Amino acid sequence: MVQKRQTYTIRDIAQQANVSYQTVSLVINNKPGVSDATRKRILALMDALDYHPNRVAQILNSNQSRTLELIIVDVQYGGRLADSTKIMASTAKDMGYSLLISEAESRTLAAAFSNAAARRVDGVVLYAPRLRFSDDEMLALANGLPMVRRDFMPGSKLAWVGFDQVYATRLATEHLISLGHKRIAAVPPDADLINGYWRLLTWQNVLHEHGLEPGPSVAGDYSMKSGYEAAHKLVDLNQPFTGLVVGTDTM
């Protein structure tokens, strides 16, 4: 018969450490007001007794869950999503947070935000590469919940993290022009994607700025297979080109 492990409470920790209940609470919630020596003694005792704070009580007492939520919206092909999600989770952990992951569609995003609020998460990271909602629409959906988008969102006043799609595409296109190419084709991501739209538009604009007509273009979906198929379609179009701007490393 397996012996049931004894469960300790915060008051047990306080009694064995010979301190007040409030002092242990300060240590658990990483608050000031406790000497380093006392803090170390309490943490060592918690570790020795395998004590784990009541998460529900912590949330109610501090009004913080130390939890973030990544909401993925309308993603059909993730590209490097797995790598970036791992980095997000690792970074959150380093900062003392947990990362939840949920999935939604644009039409169910309001419900996703409501569910995140009900879970009392401290903030949301939104990965929605096709979502073209205005700032006011996003603020209404978030309903006060802190949010940052993992997308290139030029013109948005809301927080977003991404690299400059316009500048990067300009560099690539102007590099080929500097080498003397005058007929330049492209394999951008689908223009339905925010990044794909900006990469296609910038490629066209840069060529026009240099007095050149854009060559043929066939979109891909970030996958290696789509890049391979797009290249074949470009050749089959029988519209000669000498340079090619491809929208992603994978393609």
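The values are calculated or read from the model by the stated rules, or taken from the named source; none is laboratory data. On a predicted model such as this, the values are computed, not experimentally measured, just so you know. Glycine also receives a Cβ, built like all others from the backbone with ideal geometry; neighbour counts cover every protein chain displayed. Protein only, heavy atoms only, side chains kept; ligands, DNA and RNA dropped before computing areas. Shrake-Rupley method; radii C 1.70, N 1.55, O 1.52, S 1.80 Å.
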Being touching a residue at least 24 places away in the same chain (Cβ under 8 Å), closer than 12 Å to residue 185 by Cα and surrounded by 20 or more Cβ atoms within 10 Å (Cβ to Cβ) is the requirement here; does residue 245 meet it? yes
What's the number of the condition residue 214 fails, among (1) closer than 19 Å to residue 152 by Cβ; (2) free of Cβ contacts under 8 Å to residues at least 60 places away in the same chain; (3) more than 25 Å from the chain's Cα centre (by Cα)? (1)
Does residue 34 satisfy the condition of being of a type outside the set (Phe, Trp, Tyr), in contact with a strand residue (DSSP E or B) (Cβ under 9 Å, 6 or more places away or on another chain), open to solvent by less than 50 Å² (accessible area, probe 1.4 Å) and modelled with pLDDT of 80 or more? no
Within region 117-154, residues more than 15 Å from the chain's Cα centre (by Cα), among the small types (Gly, Ala, Ser) and open to solvent by less than 70 Å² (accessible area, probe 1.4 Å) come out as 117, 134, 142
Filter region 188-205 down to the residues that are in contact with a Leu (Cβ under 7 Å, 6 or more places away or on another chain) and surrounded by 19 or more Cβ atoms within 10 Å (Cβ to Cβ) and list them by number. 188
Given (1) under 29 Å from residue 150 (Cβ atoms); (2) open to solvent by 30 Å² or more (accessible area, probe 1.4 Å); (3) in a helix (DSSP H, G or I), number of the condition residue 208 does not satisfy: (1)
Among the residues of region 178-199, are any of a type in the set (Gly, Ala, Ser), under 21 Å from the mean Cα position of the chain (by Cα) and assigned to a helix (DSSP H, G or I)? yes
State whether the residues of region 161-183 include one that is open to solvent by less than 50 Å² (accessible area, probe 1.4 Å), touching a residue at least 40 places away in the same chain (Cβ under 8 Å), touching a helix residue (DSSP H, G or I) at 6+ places or on another chain (Cβ under 6 Å) and closer than 30 Å to residue 138 by Cβ. yes
Counted residues in region 217-242 being among the charged types (D, E, K, R) and touching a residue at least 60 places away in the same chain (Cβ under 8 Å) come to 1
Is one or more of the residues making up region 120-133 part of a loop (DSSP other than H, G, I, E, B) and hydroxyl-bearing (Ser, Thr, Tyr)? no
Can you find a residue that is in contact with a Gly (Cβ under 7 Å, 6 or more places away or on another chain) and surrounded by 12 or more Cβ atoms within 10 Å (Cβ to Cβ) anywhere in region 68-91? yes
